[in-house]
1. For the stretch 97-192, give me every one of the strands (runs of 3 or more DSSP E) that falls completely inside it and has 1 or more residues that are open to solvent by less than 20 Å² (accessible area, probe 1.4 Å) and farther than 24 Å from Ala35 by Cβ.
2. Within the stretch 71-82, is there a residue that is touching a residue at least 24 places away in the same chain (Cβ under 8 Å) and β-branched (Val, Ile, Thr)?
3. List every residue pair whose Cβ atoms lie under 6 Å apart, where the two residues are 6 or more positions apart in sequence or sit on different chains, the first residue falls within the stretch 154-182 and is in contact (Cβ under 8 Å) with a residue 24 or more places away in the chain, and the second residue, located anywhere, is in a loop (DSSP other than H, G, I, E, B) and open to solvent by 60 Å² or more (accessible area, probe 1.4 Å).
4. Checking the condition more than 27 Å from Ala43 (Cα to Cα) and not polar (S, T, N, Q), which residue from Val81, Val155 passes?
5. Output the number of residues of the stretch 113-129 satisfying the condition of being of a type in the set (A, V, I, L, M, F, W, C) and modelled with pLDDT of 85 or more.
Amino acid sequence: EGRAVWVKICGVRDAPGLEACVAAGADAVGFVLVASPRHIDEASARRLIEAARGRVATVAVFRRVDELALHYARALGFDLVQGVVGAGVAVSADLLPVEIDGATLGARVRRWGARRVLVDGPRFGSGEPADWERIAVVARGRDVVLAGGLSSDNVAEAVRCVRPRGVDVSSGTESAPGQKDLARIHAFVSAARDAARTLEGS
C-alpha cells in the first residue's frame, strides 16, 4: 500500500495482548526490557517472540542501547532493538534509534541519514505528546516513527499533521498501566490505517 503507516504496539506482556495486536493487524509489538509497569521477564519474552515469529515483528525496548543490550536482544531473537543509542554502537539494520523531541531534534535526526528514527515526546516513555509541527518538518523526506501520547482519539490527526512512516503507542492501548485493552488496540490500528489511506487517496 505504498506509504501505508507502520503500526507498533508497545508494552505487550502476555499472549492475549500479542494475539490482539496480531488480530488488529499491527506490524510490530514492543517488549519493554527495562524497569517499568510494562516490563516483561526473559522467559515470557522468549515465549512471546516464538509465538510472534512470522506474524508480527518483535521489538526489544530499552531506554539506552549499548552493545550489551544489542547482544542480549539478538540472543533472545528479537527482530528490532529500540532505544536512545549510546556512543560507539555500530549502526545496523535491526537498530531503531530513538530521539527525544526538543529544539535540536532536526540536527539529531539528520545524523542518522536515511535510517528510520523513532521520535518520542519531550520525556522518554512519559506518554506526553511531541510537538507535531516540528516533527512534520523533520519527517519530510525521511522515515519517522511518531511516539508520545498517541491514542485512537488523536492518531488520525497525528498522521495527517506529521505524515510519519510509522506510529508507536503504549499507554493509549491500555486500561491500566501494563494492562492491554483489546478494543483500544483495534481502535488505534484502525484509526491510524484509515488516516493513512485517506492521505494516500488525496
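The values are calculated or read from the model by the stated rules, or taken from the named source; none is laboratory data. Since this is a predicted model, take the numbers as computed values, not measurements. All Cβ positions, even for glycine, are placed from backbone atoms using ideal geometry, and neighbour counts span all protein chains on display. Ligands, DNA and RNA are excluded from the accessible area calculation, which covers all protein heavy atoms including side chains. Shrake-Rupley method; radii C 1.70, N 1.55, O 1.52, S 1.80 Å.
1. The strands (runs of 3 or more DSSP E) meeting that bar are 117-120, 144-146, 166-169.
2. no
3. Pro177/Pro37; Gly178/Pro37
4. The match here is Val155.
5. 3
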